[in-house]
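As structure tokens, the structure follows; a few thoughts come after it.
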Amino acid sequence: MNRQRLIHKFDKQAKKYDERRNNDFAYKYRKRIFQEAEGKVLEVAIGSGLNFPFYSRDVKLTGLDFSQEMLKVAQNAAKNFPFEATFMEDDVETIEFNANSFDTIVSSASLCAYQEPVNVLNNFQKWCKPEGKILLLEHGISTKKQ
């Protein structure tokens with residue numbers, strides 16, 4: 001899909017995503033996975049901030065998204081949570097961070113939107129500190145019942 005069309009699609013859906021914050025189908029999985037985020041956190045494709053309820057007050061969050069409307073919703077939502085947050089409008093496939101910049105990298109339900117997901121995952125490994133965590137939640141067919 002054309003990148004601009006994809007951005008437009010997410011811009012149009014920002015308010016709908018915001019309404020899902022406490023009624024998200026993946027809430028229990030998000031809670032289980034993302035409460036482990038710590039330190040300096042990069043959340044890519046932050047969307048409307050569906051993972052905010054699971055971050056501790058001690059994290060320093062950098063939220064990245066290519067959708068300006070999603071970022072507006074996330075910035076507004078972040079006001080209701082005790083952690084420090086900054087936001088960047090950019091594309092995870094083209095942005096550069098220094099190696100070993102983050103203690104935790106978070107990505108949820110976003111790998112399907114990337115043209116080169118393996119490159120994105122390789123960047124996660126590069127940007128995350130050696131003792132850090134990369135926390136992923138992706139949708140798809142699984143053989144495990146949870």
If the chain between SER56 and CYS112 were fully extended at 0.36 nm per residue, the gain over the current Cα-Cα distance would be 17.4 nm
Mean Cβ-within-10 Å packing, highest first, puts peptides 103-114, 43-54 in the order 43-54, 103-114
Whole-Å distance linking the alpha carbon centroid of the stretch 48-72 with that of the stretch 75-133 is 10
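Packing-wise, with mean Cβ within 10 Å as the measure, how do 56-68, 80-92 rank, highest first? List each step's numbers first, then the result.
Working: 56-68: 19.1, 80-92: 15.0.
Most protected by this proxy first, the peptides run 56-68, 80-92.
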Expressed in angstrom, Rg and Dmax over the Cα atoms of the stretch 95-135 are 10.0, 28
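Once the Cβ-Cβ distance between GLU89 and ARG5 is put in as r, and R0 is 22 Å, what FRET efficiency do you end up with, to the nearest 0.05?
0.80
Applying 1/(1 + (r/R0)^6) with R0 = 22 Å to the Cβ-Cβ distance of LEU121 and LYS79, what FRET efficiency is obtained, to the nearest 0.05?
Details: r = 31 Å, r/R0 = 1.43.
E between LEU121 and LYS79, to the nearest 0.05, is 0.10.
Using a Förster distance of 30 angstrom, determine the FRET efficiency expected from the C-beta separation of GLU138 and GLN35, and round it to 0.05.
On the way: r = 18 Å, r/R0 = 0.59.
Here the calculated transfer efficiency is 0.95.
Quick note: the coordinates plus some simple rules give every number you see, no bench work behind them. These figures come from a predicted structure and were not determined experimentally. Glycine also receives a Cβ, built like all others from the backbone with ideal geometry; neighbour counts cover every protein chain displayed.
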